[in-house]
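Here the structure is laid out as C-alpha cells; the discussion comes afterwards.
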Amino acid sequence: MNAAVTVDEFADLSPSVKHFISRTQKLYIDGRWVESASGKTFDSIDPASERVICKVAEGDREDVDRAVRAAHKAFYDSEWSRSIPTARESLLLKWADLVEANADMLAELESLDNGKLVMYAKMIDVPASVQLIRYYAGWATKIEGTTANVSIPIPNTEFHAFTLRQPIGVVGQIIPWNFPLVMAALKLAPALACGCTSVLKPAE
C-alpha cells in the first residue's frame with residue numbers, strides 16, 4: 001500500500017497546485033463542499049510515480065442519493081431550469097474564462113491525475129475544454145422549437161403542430177480517466193446550456 005506523502009515531495013509543482021493537494025478533496029453537493037456521509041476517504045495516486053497526491057472523499061450510495069436529491073431540488077425549486085437562455089450562456093462563458101485563466105494550474109493537476117505530460121495537458125486538454133464550453137454556451141440561445149404543416153384530410157378543420165424543447169431534469173454523468181477535464185466539459189456544458197442539472201462522477 002502506498003504510504004502517505006507530504007506536499008514537499010512535489011517540490012516541482014506551482015504554489016497553487018501544492019495548496020490544492022495539501023487538503024482532503026471533498027464532494028460538491030447542493031452548492032457546498034462536504035465530506036462523504038461515511039467519512040471515508042481514498043488515496044488519489046499519481047500513475048506516473050505512484051505517489052499519493054492527496055486524499056479524496058469516498059462517495060457511496062448515500063452520497064449519490066444526496067447529490068441526486070440536491071440536483072432534483074435545484075431543477076424544480078430554483079430558477080435554473082426556467083432561466084432565460086442568455087443567462088445560461090453568460091454563466092457558461094464565465095466558466096470558460098475561469099478555465100482559461102487557470103490553465104497552468106489545471107494542466108498540472110491533469111498531469112498529476114492521469115500521468116500525461118503537463119505540456120500536452122496545456123496544449124490539448126485545457127484549450128479543448130475552453131472551446132467546448134464556449135461552443136455549448138452559444139447553443140443556449142439557439143435551442144428552438146419548430147412548427148409543421150399537418151396534412152390530415154378532415155373537412156373544415158385546421159391543425160397546428162409544433163415541438164417545444166424544454167429541460168428534461170437531472171442528468172447523470174460518468175467521465176473516464178484519460179481526459180477528465182475535457183470529458184467533464186463535454187458532459188456538463190450541454191446539459192447546463194439546456195437548463196438541466198447534473199450529477200457527475202469522475203474516475204477515481
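Read-outs throughout are calculated quantities, based only on the coordinates presented, and are distinct from any laboratory measurement. Quick caveat: nothing in here was measured; it's all calculated off a predicted structure. With ideal geometry, Cβ positions are generated from the backbone for all residues, glycine too; neighbour counts draw on all protein chains shown.
In units of the compact-protein estimate 2.2 N^0.38 Å, region 144-193 shows a Cα radius of gyration of 2.03.
DSSP assigns beta bridges within the chain; of those with both partners inside it, close to 65 percent run antiparallel. 3J(HN,Hα) couplings calculated from phi for region 192-204 with the Karplus curve 6.51 cos²θ - 1.76 cosθ + 1.60 (θ = phi - 60°) are, in sequence order, 5, 4, 7, x, 8, 10, 9, 10, 10, 10, x, 5, 4 Hz; Gly and Pro show x.
Dividing the Cα radius of gyration of the chain by its Kirkwood radius returns 1.10 for Rg/Rh. Amide H to amide H distances under 5 Å link residue 45 with 53, where only residues 5 or more positions off or on other chains count and H is placed in the peptide plane. Volume per residue for region 118-204 equals 121 cubic angstrom (convex hull of Cα atoms).
Note on the chain: lysine pairs with Cα distance below 23 Å, sequence gap of 8 or more or different chains, count 25. The distance from the alpha carbon centre of region 125-204 to that of region 17-37 is 28 Å, rounded to a whole number. Ordering 157, 196, 132 by Cα displacement along the dipole of the chain toward the positive end leaves 157 in first place; charges were set at the Cβ atoms of Lys, Arg (+1) and Asp, Glu (-1). Computed from backbone phi, the HN-Hα couplings of region 155-165 come to x, 6, 10, 10, 10, 10, 10, 8, 10, 10, 8 Hz, rounded to whole numbers (Karplus: 6.51 cos²θ - 1.76 cosθ + 1.60, θ = phi - 60°; Gly and Pro given as x).
Here's how it looks for residue 13: its modeled amide H is under 5 Å from none belonging to a residue 5 or more places away or on a different chain. Residues in region 124-135 carry Karplus couplings, in order, of 10, 4, 5, x, 5, 5, 4, 5, 4, 4, 5, 4 Hz; the curve used is 6.51 cos²θ - 1.76 cosθ + 1.60 with θ = phi - 60°, and Gly or Pro positions show x.
Run lengths n ≥ 4 of DSSP H only: what is the helix-derived mean residue ellipticity at 222 nm for the chain, with -39500 (n - 2.57) per run over all residues, to the nearest 500? -12500 deg cm²/dmol, from helical runs alone.
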